[in-house]
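The structure appears right after this line, and notes come after that.
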Amino acid sequence: MNQWLAFLSVFVGGGLGSASRYLIGLWLWPLQGRFPWATFAANGLACLLLGLWMGWHQAGILSEQRRLLLATGFCGGFSTFSTFTAESFQLWQNGQQVQAFVYVLSSLAVCLVCLFLGLKLAA
């Protein structure tokens with residue numbers, strides 16, 4: 001596949017994913033309170049969609065260009081949590097349970113520390 005076409009597919013999918021994530025936030029805004037329902041919903045939906053599209057790609061139903069548009073682009077713009085979850089699951093499926101566990105825990109720890117550092121740097 002042409003690299004520019006691949007780039008364009010990811011670019012368009014990412015934009016659609018980001019806009020969809022924003023719309024879910026607007027739609028679920030009335031439910032926001034003590035729990036981040038919009039983020040929770042976006043992460044769950046993104047994981048469902050990524051699983052579906054990964055399965056279709058593995059089965060040969062989804063072309064590489066559409067995989068880039070939907071899985072990489074849309075899900076990447078909608079929620080990177082879906083990619084994180086898929087990678088963790090793949091490690092587990094490949095018999096790398098320790099690596100999966102380390103990846104999950106270290107990602108959470110590093111991201112929390114980095115967020116804290118970013119807030120401190122901004123202050």
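A few comments on the model shown:
- The set of residues in region 1-56 being without any contact (Cβ under 8 Å) to a residue 40 or more places away in the chain, of a type outside the set (Gly, Ala, Ser) and not in a helix (DSSP H, G or I) consists of Asn2, Gln32, Arg34, Phe35, Pro36.
- Phe81 modelled with pLDDT under 90, under 16 Å from Gly51 (Cα atoms) and of a type in the set (Phe, Trp, Tyr): yes
- Leu70 out of contact with any strand residue (DSSP E or B) (no Cβ under 9 Å at 6 or more places or on another chain), buried (at least 17 other Cβ atoms within 10 Å of the Cβ) and not in a helix (DSSP H, G or I): no
- Filter pass, Phe101 being more than 18 Å from the chain's Cα centre (by Cα) and either among the small types (Gly, Ala, Ser) or in a helix (DSSP H, G or I) (or both): yes
- Among (1) part of a helix (DSSP H, G or I); (2) over 20 Å from Cys111 (Cβ atoms); (3) in contact with a helix residue (DSSP H, G or I) (Cβ under 9 Å, 6 or more places away or on another chain) - the single one Leu62 does not satisfy: (1)
- Cβ pairs under 8 Å, 6+ apart, first in region 78-100 and under 18 Å from Phe40 (Cβ atoms), second at pLDDT 95 or above: Phe78/Gly17; Phe78/Ser18; Phe78/Ser20; Ser79/Gly17
- A single member of Leu23, Leu31 is touching a Phe, Trp or Tyr at 6+ places or on another chain (Cβ under 9 Å), loosely packed, with under 14 Cβ neighbours inside 10 Å and more than 17 Å from Phe81 (Cα to Cα), and it is Leu31.
- Only one entry in Trp92, Trp53, Trp37 is modelled with pLDDT under 95 and over 15 Å from the mean Cα position of the chain (by Cα), namely Trp37.
The values are calculated or read from the model by the stated rules, or taken from the named source; none is laboratory data. The structure displayed is predicted, hence computed values, not measured ones. Every residue, glycine as well, gets a Cβ built from its backbone with ideal geometry; the counts of neighbours run over all protein chains shown.
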